[in-house]
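Below you'll find the structure, written out as structure tokens, and then a few comments.
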Amino acid sequence: MLIRLDPDSDTALFVQVADSIRMDAAAGRLRPGERLPAAREVAALLEINVHTVLHAYQELRDEGLIELRRGRGAVVTPQADALVALTHDIRAVVSRARASGLPAEALASLVKEIARENR
């Protein structure tokens, strides 16, 4: 797992950490049952505050992508496999939208609206 941060970005560091882990899961680089490194270890490697990493882990827990287990740390859930499958579907939809000339912003707006309808 390689966590990528852009210190010059307006995006909060915890969001960047969570996004990087989420993308690794979507790409199949993280498998269900796999343990993430301890928050202290990640913080030390990235030279950021441990609470920043914990905030990212909590966001991923709230999404159901990881479980936080006492004594075992952060463990990837089976939802990672679903994310891989969805990524393939999304790539296909993006390709169809691009071929139809639909701008990415319009597609993103459509997805957000449909997600709101299905809450």
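Within the stretch 58-67, not a single residue is farther than 25 Å from residue 1 by Cβ and more than 13 Å from the chain's Cα centre (by Cα). Listed by first and then second residue, the pairs linking a residue in the stretch 77-97 that is outside the structural domain of residue 18 (by TED's automatic domain parsing) and farther than 21 Å from residue 57 by Cβ to a residue that is in a helix (DSSP H, G or I) and among the β-branched types (Val, Ile, Thr), with Cβ atoms under 9 Å apart and 6 or more places separating them unless they lie on different chains, are 90/111; 93/111.
Scanning the stretch 79-101 for residues that are under 14 Å from the mean Cα position of the chain (by Cα) and not hydrophobic (A, V, I, L, M, F, W, C) yields 79, 81, 87. Among the residues of the stretch 75-87, is there at least one that is farther than 26 Å from residue 2 by Cβ and either in contact with a helix residue (DSSP H, G or I) (Cβ under 8 Å, 6 or more places away or on another chain) or β-branched (Val, Ile, Thr) (or both)? Looking for residues that are farther than 26 Å from residue 2 by Cβ and either in contact with a helix residue (DSSP H, G or I) (Cβ under 8 Å, 6 or more places away or on another chain) or β-branched (Val, Ile, Thr) (or both), one finds none in the stretch 75-87, hence no. Could you list all residues from the stretch 93-119 that are surrounded by 14 or more Cβ atoms within 10 Å (Cβ to Cβ) and among the hydroxyl-bearing types (Ser, Thr, Tyr)? Matches in the stretch 93-119: none. Could you grab me the full set of residues in the stretch 64-92 that are at negative phi and exposed (fewer than 13 other Cβ atoms within 10 Å of the Cβ)? If the condition is that a residue be at negative phi and exposed (fewer than 13 other Cβ atoms within 10 Å of the Cβ), then 69, 70, 72, 78, 85, 86, 88, 89, 91, 92 are the ones that fit. Pairing each residue of the stretch 28-44 that is over 17 Å from residue 83 (Cβ atoms) with any residue that is of a type in the set (Gly, Ala, Ser), provided the two are 6+ apart or on different chains, yields C-beta distances under 6 Å for 35/73; 38/73. Does residue 52 qualify as being farther than 19 Å from residue 77 by Cβ, more than 11 Å from the chain's Cα centre (by Cα) and not in a helix (DSSP H, G or I)? Spelling it out, it is not the case that residue 52 is farther than 19 Å from residue 77 by Cβ, more than 11 Å from the chain's Cα centre (by Cα) and not in a helix (DSSP H, G or I).
Which residues, counting only those in the stretch 64-119, are assigned to a loop (DSSP other than H, G, I, E, B) and at pLDDT below 90? Working first, answer last.
Start the filter on the stretch 64-119 by keeping residues that are assigned to a loop (DSSP other than H, G, I, E, B), which leaves 64-65, 70-72, 77-78, 101-103, 118-119.
Residues satisfying the conditions are 70, 71, 72, 118, 119.
The values are calculated or read from the model by the stated rules, or taken from the named source; none is laboratory data. Computed from a predicted structure; not experimentally measured. Glycine also receives a Cβ, built like all others from the backbone with ideal geometry; neighbour counts cover every protein chain displayed.
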